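These notes concern the structure reproduced below.
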Amino acid sequence: MRLLVTGGAGFIGSHFARRLAERGEHVVVLDKLTYAGNRANLEGVEHEFHHGDIADPDAVARAARGCDAIVNFAAETHVDRSILGPAEFILTDVLGTQVLLDHARHAQLRLVHVSTDEVYGDIPLGAPACTEDAPLRTSSPYSASKAGGELQVFAYVRTFGVDALVTRGANTYGPRQYPEKFLPLFITNAFDGRHLPVYGDGKQRREWLHVEDHCDAIEIALRCGAAGEAYNISGQERENMDVVKRILELTGASPDLVRHVEDRPGHDRRYAVDSSKLRALGWSPAHSFDAGGLEETVEWYRANREWWEPIKSGEYRRYYDAQYAARLG
Ligand code: NAD
Ligand code: DAU
């Protein structure tokens, strides 16, 4: 199979590209190389690389030539950045998705659109994990833009008969995640003796999904999923403060680094999704967050400073100051 992996220089996309290339598939990557894209993530991966924007029809047509399917990881992905500036999120996550759909329609390709459990919004504590037919109740500009992309997918399936489907993954963790997200930010700050800025009371809950389990689920959806369907991909639910305590234990950092800071506006308290539909297609996660998953991730960041230290300068510092300077005082 010849596969176009858009956003393949990012965190999850690069893991996905690596696993398919190792299996001998022909992998083509189209990536704009935003602040989150990193060619180093694809080191050692046999692939063809195209530098370009998914919202550019010509760039998409060039990269997709001869491909059998597209898996779309390309997106603006960080909730806090979407609060600082939502426009880029609409351009990539909505318009970019629509451009890919147009191409899939005309070239008659299958498109798997990688989306998020955030489209369901806050799930009240004690409420059951939601299934794919739950309403979309987005809270942040990020989740609204992801829901916008999804709605384009469903419209193209219904109106034009495009062979497309959606996955909705939980909070993903593992090696090579850009250190703006909670886990890599807190792990690397802990190693550097910097503050760990917990939003609000830290009692928010997220489901943690190992990146390899996420990729496995996407591959099953690509091979066996039905057009027009959405598939939840769940993780293991933990309270943020419990995760922070575990990071302190694993890194050996001082609890004095923890700072409760002004909360994220519109912050969802809990995500929880039911992945029975995907499990019925054969998916079952192989990693446990508590028994090895988090620990191995901490060890990866300990052993790979040369990957994250250069990132934590330049553009990253400007973002970090805008996001945290006033909060941390
Ligand atoms: P990431 O931020 O690490 O990488 C995104 C990649 O997309 C980068 O390489 C970037 O350069 C590229 N990109 C951005 N805009 C582009 C454009 N216009 N054209 C081409 N390339 C572009 O993201 P990630 O965490 O790997 O997430 C991948 C996908 O999975 C996203 O769609 C995200 O919404 C979804 N998702 C992420 C998580 C998570 O916890 N990280 C969970 C569920 C779903
Ligand atoms: O649920 C899937 C989503 O998970 C993905 O679609 C997104 O791309 C990904 O960014 C992630 O979104 P979250 O907002 O859940 O992840 P984030 O890592 O930003 O935050 C996780 C939790 O940690 C959340 O409750 C906010 C909290 N947090 C985060 C940061 C960055 C803090 O307390 N302090 C922080 O500095």
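Using a cut-off of under 12 Å, list every residue of the stretch 1-32 whose amide N is near the label point 7 Å from the Cα of Thr159 along the Cα-to-beta-carbon line. Hits in the stretch 1-32 for Thr159 at 12 Å: none. Think of each Lys and Arg Cβ as +1 and each Asp and Glu Cβ as -1; about the Cα centre, that makes the dipole of the stretch 5-100 roughly 120 debye. What a 1.4 Å probe finds exposed on the chain is 50% carbon and sulfur by accessible area, rounded to a whole percent.
The charge dipole of the chain, taken about the Cα centre with unit charges on the Cβ atoms of Lys, Arg (+1) and Asp, Glu (-1), comes to about 180 debye, rounded to the nearest 20. Placing unit charges on each Cβ (+1 for Lys and Arg, -1 for Asp and Glu) gives the stretch 188-284 a dipole about its Cα centre, and among Gly266, Thr251, Leu196 the Cα reaching farthest toward its positive end belongs to Gly266.
When the P(r) of the stretch 58-127 is calculated, the portion above 15 Å amounts to 61% of the C-alpha pairs.
For Lys312, go through the lysines and keep the ones whose alpha-carbon is under 17 Å away, minus same-chain ones fewer than eight residues off. List returned: Lys181.
Counting Cα-Cα pairs of the stretch 137-276 in 5 Å increments starting at 0 gives whole-percent bin shares of 2, 9, 15, 19, 19, 13, 10, 7, 4, 2, 1, 0. If you sort Thr297, Thr159, Thr131 by accessible surface, 1.4 Å probe, largest first, the order is Thr159, Thr131, Thr297. In units of the compact-protein estimate 2.2 N^0.38 Å, the chain shows a Cα radius of gyration of 0.95.
Stretching the chain fully between Asp274 and Arg23 yields a gain of 87.4 nm (0.36 nm per residue, less the alpha carbon separation). Simple rule: put +1 on each Lys or Arg Cβ and -1 on each Asp or Glu Cβ in the chain, find the dipole, and look at Ala40, Val71, Leu151; the Cα lying farthest toward the positive end is Leu151. Across the chain, the longest run free of exposed loop sites, meaning GluC sites (Glu not before Pro) lying outside DSSP classes H, G, I, E and B with no more than 12 other Cβ atoms within 10 Å, spans 44-261. Using r as the Cβ-Cβ distance of Arg137 and Glu88, and R0 as 22 Å, what FRET efficiency do you calculate, to the nearest 0.05? Result of the calculation: an efficiency of 0.45.
Size of the stretch 70-228: Rg and Dmax of its alpha carbons, in Å, are 16.7, 54.
Between Ser288 and Asp58, what is the FRET efficiency for a Förster distance of 51 Å, r being their Cβ-Cβ separation, to the nearest 0.05? The formula returns an efficiency of 0.70 here. Counting only protein heavy atoms and a 1.4 Å probe, the stretch 262-329 has 51 square angstrom of accessible area per residue. For the stretch 211-308, the gyration tensor built on C-alpha atoms gives a prolate shape. Its axis ratio a/c (a ≥ b ≥ c) is at least 1.5, and a/b is the larger of a/b and b/c.
Free of any trypsin sites (Lys or Arg not before Pro) that DSSP assigns to a loop and that have at most 12 other C-beta atoms within 10 Å, the longest stretch within the chain is 66-329.
With every protein chain present, what is the per residue accessible area of the stretch 1-88 (1.4 Å probe, Å²)?
That works out to 39 Å² for each residue.
Beyond 15 Å, what percent of the Cα pairs of the stretch 128-169 remain? When every Cα pair of the stretch 128-169 is considered, 50 percent fall beyond 15 Å. Charge dipole (Cα centre; +1 on Lys/Arg Cβ, -1 on Asp/Glu Cβ; no other charges) of the stretch 208-285 amounts to roughly 100 debye.
With the Cα gyration tensor of the stretch 28-100 giving a ≥ b ≥ c as the square roots of its eigenvalues, does the rule (a/c under 1.5 for rounded; else a/b larger than b/c for prolate; else oblate) give rounded, prolate or oblate? Verdict is oblate for the stretch 28-100.
The values are calculated or read from the model by the stated rules, or taken from the named source; none is laboratory data. Source: prediction; values computed, not measured. Using ideal geometry, Cβ is built from the backbone for each residue, glycine included, and neighbour counts are taken over all protein chains shown. The area values use the complete protein model at the heavy-atom level, side chains included, leaving out ligands, DNA and RNA. Shrake-Rupley method; radii C 1.70, N 1.55, O 1.52, S 1.80 Å.
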